[in-house]
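Input: a single structure, listed below in structure tokens.
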Amino acid sequence: VSLNLRKQVDDCKPYIAGETEASVLKRYGLNKVVKLGSNENPFGPYKHAKKAMQESLEVVNRYPEDDYVELTATIAKINNLDVTNIALGSGAGNVIETVARLLLDEGDEVLIAKPTYRLYREVSILMGATIREIPVKSDFTYDLEAMEEDITDKTKLIWLCNPNNPTGVINDRKELESFIDRVGDDVWIVLDEAYADFIAGGQRPEIVELLKNKKLIVIRTFSKFYGMAGVRVGYLMAQAAVISAFDTITEPFCVNRTGLFAAKATLLADQEQADRIKNLILDERARMESILNEMGFTVIPSSSNFIFAKLPNDLYSATICEQLMAKGVIIRECDAWGYPAYVRITIGKKEENDFLLNKLADVI
Ligand code: PMP
């Protein structure tokens, strides 16, 4: 029977989710599995977020109306923006998908880096857009000059991810801002900052300035830095007219009340804890980088909570990841991104990282 789906669906590749602990435990009959494959934060959710989630359970019979307004106001205040510059989504993934629906038409051209987060490609293709992939430079930073040269009359949108996934690499702030400044009048730029809170340093006032007049949309999430991947809260920041259009086409109440409670509590009360845990993660990252280097890996300097590294001895990432999984460790192979010699490792707790290092020594 023909399903008669939208024709673009055939061109989309299925989303390959990371393996879960439960599935790996069962498949290999193990009694312990450490998951370092999905860039989650092992320390979340934080104290006040947990308490707020419990409180939310008393009111989940009601739609999340006031909570939308309150979380939006909290995000606006923290970022020195107006509430009219913020909209919420069910995780950054949902925001990305809605932004694609908002901006893209059949025949539009879209630029993405190679490699980058896979969802940009799929949601763009689904809208009928054509993808141009611009390889990153040898140091894995974006080739912004090549991107600019690839802009045509048809180019509608450039997806940027900073720090980039799967590499963890950031671009020089000034270069990025100057690129947005040059290009952002003609072409939409979406800057996905899912991992930006892990960058050493503070706020980014210049970007906030650019939001006022450029075709720029900045996306953030509570999934990574705030350790709330399971409750699905993300948001975007843009000019008020963009936010109002986004809110018009997005599904009403697509963020759940428990997530909204948690996100607000986290921003208001858990910031200190989040910053402390950030330092723990960055210290662990430095330790892992140096041990992996000693083991013969080529580690790409990361500005996020994960490490992109080339395996020693021409080993193939899918094979190594399969062997590790059989020993109870989940990390991500990077062949799907076109980097068959690379793996992506999320920074976990010290004992989790040690468990990985131990198993890794057996397979390389
Ligand atoms: N953007 C990037 C770059 C990501 O890596 C991810 C998650 N892997 C997301 C967006 C989506 O995150 P979420 O939907 O959990 O907010």
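Once amide H atoms are placed 1.01 Å from N in the peptide plane, what residues at a sequence separation of 5 or more from Val169, or on another chain, have their amide H within under 5 Å of its amide H?
Asn164, Ser303
List the lysines whose Cα sits under 26 Å from the Cα of Lys154, skipping any in the same chain fewer than 8 residues away.
Lys7, Lys13, Lys114, Lys137, Lys212, Lys214, Lys215
How big is the Cα convex hull of the range 54-182 in projection, averaged over all directions, in nm²? The partial results should precede the final answer.
On the way: hull surface 41.5 nm².
In nm², the orientation-averaged hull projection of the range 54-182 is 10.4.
Would you compute the Debye intensity of the range 1-95 from its alpha-carbon atoms alone, equal scatterers and no solvent, and pass along log10 I(q)/I(0) at q = 0.16, 0.24 Å⁻¹ to two decimals?
-1.06, -1.25
Ile16 versus Ala318, label points 7 Å from Cα toward the beta carbon: distance in nm?
For the pair Ile16/Ala318, the computed spacing is 0.7 nm.
So what is the calculated 222 nm ellipticity per residue for the chain, using -39500 (n - 2.57) for each DSSP H run with n of 4 or more, over all residues, to the nearest 500 deg cm²/dmol? Show your work: numbers first, answer last.
On the way: 13 runs with 146 residues, N = 364.
For the chain, the value works out to -12000 deg cm²/dmol.
How big is the Kirkwood radius of the range 135-189, worked out from every pair of different alpha carbons and given in Å to one decimal? Each step should come with its number before you reach the end.
Values: mean 1/r = 0.0853 Å⁻¹.
Result for the range 135-189 stands at 11.7 Å.
Among the trypsin sites (Lys or Arg not before Pro) in the range 27-86, which ones are in a DSSP loop with at most 14 other Cβ atoms within 10 Å of the Cβ? Mind listing them?
Values: sites: Arg27, Lys32, Lys35, Lys47, Lys50, Lys51, Arg62, Lys77; in loops: Lys32, Arg62.
Loop-located and lightly packed - Lys32, Arg62.
Just the ratio, please: alpha-carbon radius of gyration of the range 250-297 over 2.2 N^0.38 Å, N its number of residues. Walk me through the intermediate numbers first.
Working: Rg = 17.8 Å, N = 48, 2.2 N^0.38 = 9.6 Å.
That ratio works out to 1.85.
Among Phe225, Ile131, Thr152, flag the residue with its Cα farthest along the positive direction of the charge dipole of the chain, charges on Cβ as +1 for Lys/Arg and -1 for Asp/Glu.
The one lying farthest along the dipole's positive direction is Phe225.
Return one quarter of the surface area of the convex hull spanned by the alpha-carbon atoms of the range 119-218, equal to its mean projected area, in nm². List each step's numbers first, then the result.
On the way: hull surface 26.0 nm².
The number I arrive at for the range 119-218 is 6.5 nm².
Under a plain spin-label model, where a point goes 7 Å from the Cα along Cα-to-Cβ, how far apart in nm are Val208 and Thr84?
1.8 nm
Summing +1 for each Lys or Arg and -1 for each Asp or Glu, what net charge is found among the other residues whose Cβ lies under 9 Å from the Cβ of Lys154? Don't skip to the answer; put the middle values down first.
Details: positive: Lys156; negative: Asp108, Glu109, Asp153.
Spelling it out: positives minus negatives among the neighbours equals -2.
Roughly speaking, what is the centre-to-centre gap between the range 44-78 and the range 325-361 when only Cα atoms are used, to the nearest Å?
34 Å
5 Å is the cut-off here: which amide hydrogens, built 1.01 Å from N in the peptide plane, fall below it relative to Ala113, excluding neighbours closer than 5 in sequence?
Ile134
Rounded to two decimals, what is Rg over Rh for the chain when you use alpha-carbon atoms and the Kirkwood radius?
A ratio of 0.96.
Considering the options Leu282, Leu260, Leu292, tell which one lies farthest towards the positive end of the dipole of the range 259-311, charges being +1 on Lys and Arg and -1 on Asp and Glu at the Cβ, about the Cα centre.
It is Leu260.
Only Cα pairs within less than 10 Å get springs; with that Gaussian network setup on the chain, which residue of Asn256, Asn305, Asn31 has the largest fluctuation?
Per the Cα network of the chain with a 10 Å cutoff, Asn31 tops the list.
Viscosity 0.890 mPa s, temperature 25 °C: give me the Stokes-Einstein translational D for the range 179-308 in µm²/s, with Rh taken as the Kirkwood radius over C-alpha pairs.
Numbers: Rh = 17.0 Å.
Value of D from the Cα-based Kirkwood radius: 144 µm²/s.
Read-outs: derived from the displayed coordinates by stated rules, not from any lab. Computed from a predicted model, the values in this text were never measured in an experiment. No Cβ is skipped: glycine too gets one built from the backbone with ideal geometry, and neighbour counts run over all protein chains shown.
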